[in-house]
1. Can you compute the helix-only [θ] at 222 nm over the chain? Use -39500 (n - 2.57) per DSSP H run of at least 4 residues, normalise by all residues, nearest 500 deg cm²/dmol.
2. Just one of (i) 28, 25, 9; (ii) 45, 9, 6; (iii) 46, 18, 8 is semi-axes √(5λ) of the Cα gyration tensor in Å as worked out from the coordinates here. Which one is it?
3. So if each residue of separation counts as 0.36 nm, and I subtract the Cα-Cα distance between residue 20 and residue 53, what length gain in nm does that give?
4. Got the relative contact order for the chain handy, in percent, Cα pairs under 8 Å and 6 or more residues apart?
């Protein structure tokens, strides 16, 4: 018997289907939420002046630990 499972992401603001997961961090706390295109555009527009004037932090490398 064949099975097919689908995961449909729902916008956390308005319940629209077909959202994408957005990750962001504020004051050292990381967050994730699902936003459809309309709300993602609102999110990007609201943050644009802050992002335009912010410094990028390089991704940290994971270091190996010796056993």
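Nothing in this text is a laboratory measurement; each read-out follows from the coordinates by a stated rule. What you are looking at is a predicted structure, and each value in this text was computed from that prediction instead of being measured.
1. That comes out to -8000 deg cm²/dmol.
2. Label of the calculated value: (i).
3. So the extension gain works out to 9.3 nm.
4. Relative contact order comes out at 21 percent.
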